[in-house]
Amino acid sequence: MTTTSVANLAGLLQSGALIPYLGPDMLSLCAQPTGVPADPLTLATQMTAKVSVPHKIRKRLTQAAQFIENFKHRKSLVQLMDAAFAASPTPSPLHRALAASGTGLWVDTWYDNTLATAVAEARPEGGWVQVQGLAQSEHFGRWCGAYDSHGQSLAELPATTSTQTPMLYQPLGSSTPASNYLVSDSDHVEVLTEIDIQTPIPTAVQAWRTGRSFLFVGCRFDDQITRTFARQIMKRSSAQHWAVMPNEPTRMEARFLEEQGITRIATPLADFAAELVQALEATTPAALAA
């Protein structure tokens with residue numbers, strides 16, 4: 001990736017034309033190890049070390065979570081998730097740079113609160129909202145919960161066509177502020193049954209994405225669930241997107257990138273992060289507007 005290309009991405013982020021879409025590998029950029037699982041396999045391993053699960057599904061996160069929910073209780077599953085994500089990783093420079101950038105929507109597809117911490121630090125005056133996916137087993141009929149910058153529950157989601165309020169969208173939920181998790185097979189089935197007609201995706205997110213591009217960082221698309229969420233969240237956005245993927249994509253990932261108009265950036269994540277942070281620091285939303 002050339003410096004000019006990274007500078008271009010930084011400019012798009014600062015102008016609000018590019019939406020960061022973050023995955024679990026963003027945790028690899030954090031300096032202090034916290035024990036927070038940074039991929040589905042590690043999370044499944046942590047959970048099944050505490051609860052007996054059939055051997056054949058011990059490494060399959062959604063299936064292991066479903067077994068725990070069925071044979072223990074939903075509360076047991078939530079408690080295990082809370083324990084896995086109890087620590088609050090110190091945000092990396094890239095987390096902080098993205099939080100302070102001119103973008104108005106961040107999409108975070110893992111359960112930790114690192115980006116939320118960075119946004120809170122970058123915007124101490126508040127004025128931003130956190131919108132999270134909700135499990136139908138706990139919130140039947142409600143697809144999303146909304147919280148203000150202090151973690152207080154909001155009675156209503158942001159206005160349906162609003163692109164004024166900065167929004168952290170976490171479609172799979174998060175450990176904070178309310179232990180909302182989409183993690184079991186049934187959690188995903190409920191959402192994926194409706195996602196093609198966009199019902200689970202807040203209309204404010206749909207408004208934000210219109211005509212904008214996405215930058216995928218720390219993500220893989222090597223299973224159907226991650227591809228489906230990305231595809232539906234991107235729907236009716238720009239035709240041009242980018243994904244930082246240093247490892248060679250699988251056949252299905254390569255097909256997904258081609259179908260969705262996503263340009264692969266093969267730069268190692270740590271190197272790309274350093275370049276993008278430098279480029280973001282070299283410009284500001286105010287400078288772009290001048």
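Quick notes on this one:
- Residues located in region 90-108, provided they are at pLDDT 95 or above and buried (at least 21 other Cβ atoms within 10 Å of the Cβ): PRO91, SER92, LEU94, HIS95, ALA97, LEU98, ALA99, SER101, LEU105, TRP106, VAL107, ASP108
- Only listed residue being in contact with a helix residue (DSSP H, G or I) (Cβ under 6 Å, 6 or more places away or on another chain) and without any contact (Cβ under 8 Å) to a residue 60 or more places away in the chain, chosen from GLN66, GLN79, GLN46: GLN46
- Single match in GLY145, GLY141 (criterion: in contact with a strand residue (DSSP E or B) (Cβ under 6 Å, 6 or more places away or on another chain), under 15 Å from VAL191 (Cα atoms) and small (Gly, Ala, Ser)): GLY145
- Residue in region 180-188 that is surrounded by 20 or more Cβ atoms within 10 Å (Cβ to Cβ), hydrophobic (A, V, I, L, M, F, W, C) and in contact (Cβ under 8 Å) with a residue 24 or more places away in the chain present: yes
- Qualifying residue in region 199-221 (condition: more than 20 Å from TYR147 (Cα to Cα), surrounded by fewer than 18 Cβ atoms within 10 Å (Cβ to Cβ) and out of contact with any strand residue (DSSP E or B) (no Cβ under 7 Å at 6 or more places or on another chain)): yes
- Filtered by the rule that a residue be farther than 22 Å from ASP39 by Cα and surrounded by fewer than 19 Cβ atoms within 10 Å (Cβ to Cβ), region 222-242 gives LYS235, ARG236, SER238, ALA239, GLN240.
- Residue match in region 256-276 (condition: modelled with pLDDT under 95, touching a Pro at 6+ places or on another chain (Cβ under 9 Å), of a type in the set (Asp, Glu) and at negative phi): no
- Of the criteria (1) surrounded by 21 or more Cβ atoms within 10 Å (Cβ to Cβ); (2) not in a helix (DSSP H, G or I), which one GLU125 fails: (1)
- Of all residues in region 195-212, those that are among the basic types (Lys, Arg) have Cβ atoms under 6 Å from Cβ atoms of residues that are buried (at least 20 other Cβ atoms within 10 Å of the Cβ), 6 or more apart or on another chain, in ARG212/ILE19.
- Out of LEU269, LEU276, one residue alone is farther than 18 Å from VAL131 by Cα, of a type in the set (A, V, I, L, M, F, W, C) and within 17 Å of the chain's Cα centre (by Cα). It is LEU269.
- Once region 230-266 is narrowed to residues that are closer than 18 Å to TRP208 by Cβ and small (Gly, Ala, Ser), the residue that is nearest to the chain's Cα centre (by Cα) is ALA230.
Per-residue answers, yes or no, for (1) assigned by TED's automatic domain parsing to the domain that holds LEU182; (2) in a helix (DSSP H, G or I):
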residue: GLY11; (1), (2): yes, yes
residue: ILE19; (1), (2): yes, no
residue: ALA44; (1), (2): no, yes
residue: LYS56; (1), (2): no, yes
residue: ASN70; (1), (2): no, yes
residue: LYS75; (1), (2): no, yes
residue: GLN79; (1), (2): no, yes
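The values are calculated or read from the model by the stated rules, or taken from the named source; none is laboratory data. This one's a predicted model, so the numbers in the text were calculated from it and none came from an experiment. Using ideal geometry, Cβ is built from the backbone for each residue, glycine included, and neighbour counts are taken over all protein chains shown.
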